[in-house]
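Engineer: Quick one: structure below, then a few questions.
The values are calculated or read from the model by the stated rules, or taken from the named source; none is laboratory data. As the structure is a prediction and not an experimental result, all values here were calculated from the model. Here the Cβ positions follow ideal geometry from the backbone for every residue, glycine too, while neighbour counts run over all protein chains shown.
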Ligand code: GLU
């Protein structure tokens, strides 16, 4: 058997973190078993589906690198197929026309409610052996209902939650086609999973209630059932359903904020799945490890600080040229001047360890790509008469010193010793004069990267 999984988002908004995690698990499961991963766009809700949302899903999947092997299949393009199956089911007697108006159905439900029973469709138009159906009302268009089994249970062994049983008495004869002939949600999902030969349905547990309906439809069609796995939701740190209050919920806000896709994938993988205490792993490793046995039965909590920590890890690991290409546009927007300045990849090498996002990295690296403009008050505080002779000596010696960090460092120490100063007494004014700010990486590294000409020019301005 070839494992075939799918991700089946409804394009009604952005691709959110929960959706991306479902996609990741489905993708990894297929990859783990050398199977196929299918992308299906469930766009039958015409009022809520938009082309922009389809694009957002495709963009998100591409950014994360979750490549599909088949699709994207669009449900709206499969209408003929759904109609064909509905016709077959009407023929086979597993579905039937129902001519009740919505008002009549509501009245029926009200009667059950009043009698203290579960509100449901009463089966008026359900064909039974020996039953005479009411006369067809003239000019009224029917809906098509699925002939759900009346008795017995639907049971499946959920690969995440364990065995789940729902009584057929809980399930109405579901409408599978509306009056205008359009098929309904659960029906389309069942037909698609069948046609696309899906073997494992991994999805959010908000779909648990749909599963028995889909199973009954598949059984009526004689289809082989997929295995189902319902993954618990992602909650905010406060235990509430994840929402904007907890940080960005749209996947594509993360590249905009300077997150790397490998960090997002690694972080999402740990939301509801674990491999011992492993926190940091590659997707290759994840695919090798991933199975449904280690999916958690309880909801995961979204923790933005941890995501930032994971991102910091991957920024530290990332190739500097790659990072440079990612941060350059951000820095250009901030007015960075790259001409005559040190290579961006070198600046990044110096700054990246302490930044959690690419945007922070861009901000930090700006140090090398803008004219320093030290505040007068800071100049007065740090460039005092007491340190000026030492600064002058430093500026003099820097003309000839060997341009290596070690030599620069030895030279600085010598100046300190000659003037009986402590490191900050000289490092702070140097930082201020050369970069315009007091917070920088080690002054020797900064000086080395700027280069002799720039350092000399900047010191000369104030000395
Ligand atoms: N289209 C559904 C959703 O976006 C998912 C359906 C499924 O996975 O079966 O919630």
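Engineer: Please go through (1) away from the ligand (no atom under 14 Å from the Cβ); (2) over 30 Å from residue 82 (Cβ atoms); (3) buried (at least 20 other Cβ atoms within 10 Å of the Cβ) for residue 282 and return the number of the only condition it doesn't satisfy.
Structural biologist: (3)
Engineer: Oh, and also: For the range 200-245, give me each residue that is modelled with pLDDT of 95 or more and more than 14 Å from the ligand (Cβ to nearest atom).
Structural biologist: Result: 216, 219, 220, 221, 222, 223, 224.
Engineer: Counting only residues that are closer than 18 Å to residue 284 by Cα and near the ligand (Cβ under 10 Å from one of its atoms), how many does the range 7-22 have? Write out each step before concluding.
Structural biologist: If we filter the range 7-22 for residues that are closer than 18 Å to residue 284 by Cα, which is where we start, we get 20-22.
Next, only the ones that are near the ligand (Cβ under 10 Å from one of its atoms) stay: 22.
Adding up the residues that qualify gives 1.
Engineer: Does residue 179 satisfy the condition of being without any contact (Cβ under 8 Å) to a residue 40 or more places away in the chain and away from the ligand (no atom under 15 Å from the Cβ)?
Structural biologist: yes
Engineer: Within 24 Å of residue 30 (Cβ to Cβ), in a helix (DSSP H, G or I) and at pLDDT 95 or above: which single residue out of 263, 364, 347 fits that description?
Structural biologist: Sole residue among the options that is within 24 Å of residue 30 (Cβ to Cβ), in a helix (DSSP H, G or I) and at pLDDT 95 or above: 263.
Engineer: Given the options 128, 67, 110, name the one that is touching a strand residue (DSSP E or B) at 6+ places or on another chain (Cβ under 9 Å) and exposed (fewer than 14 other Cβ atoms within 10 Å of the Cβ).
Structural biologist: Values: 128 fails: touching a strand residue (DSSP E or B) at 6+ places or on another chain (Cβ under 9 Å); 110 fails: touching a strand residue (DSSP E or B) at 6+ places or on another chain (Cβ under 9 Å).
The conditions single out 67.
Engineer: If you don't mind, there's one more thing I want to ask. Among the residues of the range 41-65, count how many are in contact (Cβ under 8 Å) with a residue 60 or more places away in the chain and either assigned to a helix (DSSP H, G or I) or within 17 Å of residue 22 (Cβ to Cβ) (or both).
Structural biologist: Looking only at that region, the number is 7.
Engineer: Take the conditions within 30 Å of residue 36 (Cβ to Cβ) and surrounded by 15 or more Cβ atoms within 10 Å (Cβ to Cβ) and apply them to residue 173. Does it pass?
Structural biologist: So residue 173 fails the test.
Engineer: Counting just the residues of the range 288-311 that are assigned to a helix (DSSP H, G or I) and under 17 Å from the mean Cα position of the chain (by Cα), which one comes out surrounded by the fewest Cβ atoms within 10 Å (Cβ to Cβ)?
Structural biologist: Checked the range 288-311; the qualifying residue surrounded by the fewest Cβ atoms within 10 Å (Cβ to Cβ) is 305.
Engineer: Could you please let me know if residue 164 is closer than 30 Å to residue 25 by Cβ, surrounded by fewer than 18 Cβ atoms within 10 Å (Cβ to Cβ) and touching a helix residue (DSSP H, G or I) at 6+ places or on another chain (Cβ under 8 Å)?
Structural biologist: yes
Engineer: Okay, next question. Determine if the range 220-227 includes at least one residue that is closer than 19 Å to residue 23 by Cβ, buried (at least 17 other Cβ atoms within 10 Å of the Cβ) and touching a residue at least 40 places away in the same chain (Cβ under 8 Å).
Structural biologist: No, the range 220-227 contains no residue that is closer than 19 Å to residue 23 by Cβ, buried (at least 17 other Cβ atoms within 10 Å of the Cβ) and touching a residue at least 40 places away in the same chain (Cβ under 8 Å).
Engineer: Shifting gears a bit: Which ones in the range 82-112 are at positive phi and part of a strand (DSSP E or B)?
Structural biologist: none
Engineer: With the requirement that a residue be over 44 Å from the mean Cα position of the chain (by Cα) and crowded, with 21+ Cβ neighbours inside 10 Å, what does the range 416-442 give you?
Structural biologist: Matches in the range 416-442: 426, 429.
Engineer: Among 1, 79, which is away from the ligand (no atom under 16 Å from the Cβ) and part of a loop (DSSP other than H, G, I, E, B)?
Structural biologist: Numbers: 79 fails: part of a loop (DSSP other than H, G, I, E, B).
On inspection, the qualifying residue turns out to be 1.
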